[in-house]
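The values are calculated or read from the model by the stated rules, or taken from the named source; none is laboratory data. Treat the numbers as computed from the prediction; the structure is a model and nothing was measured. A quick note on method: Cβ atoms are made from the backbone with ideal geometry, for glycine too, and the neighbour counts reach across all protein chains shown.
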């Protein structure tokens, strides 16, 4: 089974990297990070993540 792909939305770079690292250490895949709602909508429509 493939890893769950998560779209992370966080405008603080260091916080985003911390959250991404924690999620990936628990076996999740975080290939997408958006910095605001507009970017998140675009990424979600294009990539269709499993979780936002």
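Across segment 1-16, the number of residues qualifying as surrounded by 14 or more Cβ atoms within 10 Å (Cβ to Cβ), out of contact with any strand residue (DSSP E or B) (no Cβ under 6 Å at 6 or more places or on another chain) and assigned to a helix (DSSP H, G or I) comes to 0. Taken over segment 18-27, the criterion of being over 10 Å from the mean Cα position of the chain (by Cα) and either at pLDDT 95 or above or part of a helix (DSSP H, G or I) (or both) is satisfied by 18, 21, 22, 24, 25. Using the structure shown, decide if residue 40 is crowded, with 17+ Cβ neighbours inside 10 Å, assigned to a helix (DSSP H, G or I) and either touching a strand residue (DSSP E or B) at 6+ places or on another chain (Cβ under 8 Å) or free of Cβ contacts under 8 Å to residues at least 60 places away in the same chain (or both). For residue 40, the condition - crowded, with 17+ Cβ neighbours inside 10 Å, assigned to a helix (DSSP H, G or I) and either touching a strand residue (DSSP E or B) at 6+ places or on another chain (Cβ under 8 Å) or free of Cβ contacts under 8 Å to residues at least 60 places away in the same chain (or both) - is met.
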